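These notes concern the structure reproduced below.
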Amino acid sequence: MVTEISASSDFQALLNEHTYLIADFFATWCPPCKAIAPLYEQLSKAHSVPSKVAFVKINVDDQPKLAAQFQISAIPTFLIFKDGKQIEEVRSANAPALKRNVEKIAVDVKSEGSQEKADEKMEEEQLDFEDDS
């Protein structure tokens, strides 16, 4: 699910609440922005994970301060953040690069989830062992 950012405080809140945040800086009048929008929506539906991965859209005409803060000079521009820090930038409607970056995040999040489950299982086994002794 894509969240439309209507205030910079909304952006900051989502950035703080998620491990990964993918931001689409766009304009309603921009043909390449319109062309890649369905792919961005599809990626968000497939890879959004509560408190892990969020997808946002930032209209540069409505949020000029955010656009200036991140030095957006071309649209669309996709910025990818991890733990609140920008780690990647995809400029223009570069569908293969956007897809590759989002899929890389999905693999990372999935492996984190697998590790968390393994850690929980180890803790349970340790508790079972302690109960037996």
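The values are calculated or read from the model by the stated rules, or taken from the named source; none is laboratory data. Not measured: the values here are computed from a predicted model. Note: ideal-geometry Cβ built from the backbone for every residue, glycine included; neighbour counts use all protein chains shown. Surface accessibility is based on the protein's heavy atoms, side chains included, excluding ligands, DNA and RNA. Shrake-Rupley method; radii C 1.70, N 1.55, O 1.52, S 1.80 Å.
Annotation for segment 42-118 versus segment 1-23: alpha-carbon center distance of 10 Å.
Taking 0.36 nm per residue of separation and subtracting the Cα-Cα distance, what length does fully extending T28 through A46 add?
On the way: separation 18, 0.36 × 18 = 6.48 nm, distance 2.38 nm.
Residue separation times 0.36 nm, minus the Cα-Cα distance, leaves 4.1 nm.
Sorted largest first by accessible area at a 1.4 angstrom probe radius, with every protein chain in place, the residues S44, S111, S6 fall in the order S6, S111, S44.
Using 0.36 nm per residue and subtracting the Cα-Cα separation, the extra length available between K85 and R100 on full extension is 3.5 nm. The alpha-carbon of K110 sits under 26 angstrom from the alpha-carbons of these lysines, leaving out residues fewer than 8 places away in its chain: K45, K52, K57, K82, K85, K99, K121.
When ligands, DNA and RNA are left out and all protein chains stay put, how many square angstrom of accessible area per residue does segment 45-95 have with a 1.4 Å probe? Mind showing how you got there, number by number?
Numbers: 2750 Å² over 51 residues.
Computed with neighbouring chains in place, this is 54 Å² per residue.
Each residue, A7 and D108, gets one label point 7 Å from its Cα in the Cβ direction; the gap between the two is 3.0 nm.
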